[in-house]
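A.B. asks: Sharing a structure below in structure tokens format, with a few things to ask.
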Amino acid sequence: EAQVTQNPRYLITVTGKKLTVTCSQNMNHEYMSWYRQDPGLGLRQIYYSMNVEVTDKGDVPEGYKVSRKEKRNFPLILESPSPNQTSLYFCASKRTGGPKLFFGSGTQLSVL
Amino acid sequence: GIQVEQSPPDLILQEGANSTLRCNFSDSVNNLQWFHQNPWGQLINLFYIPSGTKQNGRLSATTVATERYSLLYISSSQTTDSGVYFCAVDPNSGYALNFGKGTSLLVTP
């Protein structure tokens, strides 16, 4: 089944403790992206990647890192999480030139 | 950047009713999509519709690109239609979708 898989689904952590949210897609998509969703703000893009080893900032990149060492994986790294990074995070992918974006199931992160 | 405004922000319907959701955008776009976020948080792609009209079962969408708006029609609504509907547009880069704040729909039995 074609899908974008995120893990974990829920995560509670404390301020300053490094964490990684994983994202993997099995559709051989070149493009991958991370969004965060906050009440009243909709979804905002954090980072995106056009292909392996190619990443760029979205609208709200501060406090986040990403890497794209393999085509299928695009992990989101929070080196020193803070409470304002408490949010619902989505990973998404699509093929280059293709319009439709496919989303993972989301990761609800709480930073205490 | 491009502004995306959705209306209404909230909508409550009785099962069987019809509804129209609107998305206005501030600049020309080459990509417009409608998504449904179900009560479990999953985002499902409903339509890719930068212009014209499409239908999928009880749902249909129309985008009038020259007037910078899109409409999502839901007919004979069901409780499973509940959730948040997002409009998202990409002005030209192909690198990012800009999302509206969504319309929260509750369909009651």
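The values are calculated or read from the model by the stated rules, or taken from the named source; none is laboratory data. These numbers were taken from a predicted model, which means no experiment stands behind them. Because the Cβ atoms are built from the backbone with ideal geometry, glycine has one as well, and the counts that use them run over all protein chains shown.
A.B. asks: So, A:VAL60, is that one surrounded by 14 or more Cβ atoms within 10 Å (Cβ to Cβ) and over 20 Å from B:VAL89 (Cα atoms) or not?
C.D. replies: no
A.B. asks: If we scan the stretch A:56-75, do we find a residue that is aliphatic (A, V, I, L, M), assigned to a loop (DSSP other than H, G, I, E, B) and within 11 Å of another protein chain (Cβ to nearest Cβ)?
C.D. replies: Taking every residue of the stretch A:56-75 in turn, none turns out to be aliphatic (A, V, I, L, M), assigned to a loop (DSSP other than H, G, I, E, B) and within 11 Å of another protein chain (Cβ to nearest Cβ).
A.B. asks: For the stretch B:1-21, enumerate the residues that are among the polar types (S, T, N, Q) and within 13 Å of B:VAL84 (Cα to Cα).
C.D. replies: Correct list: B:GLN6, B:SER7.
A.B. asks: Here's something else I'd like to know. Looking at B:VAL89, is it assigned to a strand (DSSP E or B), closer than 24 Å to A:LEU41 by Cα, modelled with pLDDT under 95 and within 14 Å of chain A (Cβ to nearest Cβ)?
C.D. replies: yes
A.B. asks: Pick from A:TYR10, A:TYR47: which is over 13 Å from the mean Cα position of the chain (by Cα), within 14 Å of another protein chain (Cβ to nearest Cβ) and among the hydroxyl-bearing types (Ser, Thr, Tyr)?
C.D. replies: Sole residue among the options that is over 13 Å from the mean Cα position of the chain (by Cα), within 14 Å of another protein chain (Cβ to nearest Cβ) and among the hydroxyl-bearing types (Ser, Thr, Tyr): A:TYR10.
A.B. asks: Please specify each residue of the stretch A:34-44 satisfying the condition of being buried (at least 20 other Cβ atoms within 10 Å of the Cβ) and either away from every other protein chain (no Cβ under 14 Å) or touching a Ser or Thr at 6+ places or on another chain (Cβ under 7 Å) (or both).
C.D. replies: Residues satisfying the conditions are A:ARG36, A:GLN37.
A.B. asks: Still on this model: Would you confirm, using the coordinates I've provided, whether B:ILE74 is away from chain A (no Cβ under 14 Å), surrounded by 21 or more Cβ atoms within 10 Å (Cβ to Cβ) and under 30 Å from A:TRP34 (Cβ atoms)?
C.D. replies: yes
A.B. asks: In the stretch B:13-70, which strands (runs of 3 or more DSSP E) lie fully inside it and hold 1 or more residues that are exposed (fewer than 14 other Cβ atoms within 10 Å of the Cβ) and free of Cβ contacts under 8 Å to residues at least 12 places away in the same chain?
C.D. replies: Passing ranges, in order: B:43-48, B:52-56.
A.B. asks: Given the conditions (1) touching a helix residue (DSSP H, G or I) at 6+ places or on another chain (Cβ under 8 Å); (2) surrounded by fewer than 17 Cβ atoms within 10 Å (Cβ to Cβ); (3) touching a residue at least 60 places away in the same chain (Cβ under 8 Å); (4) of a type outside the set (Asp, Glu), and given that A:THR13 satisfies all but one, which numbered condition is not satisfied?
C.D. replies: Exception for A:THR13: condition (1).
Here's the yes/no breakdown for (1) more than 13 Å from chain A (Cβ to nearest Cβ); (2) among the hydroxyl-bearing types (Ser, Thr, Tyr):
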| residue | (1), (2) |
| --- | --- |
| B:SER60 | yes, yes |
| B:THR63 | no, yes |
| B:GLU67 | yes, no |
| B:THR80 | yes, yes |
| B:LEU106 | yes, no |
| B:PRO109 | yes, no |
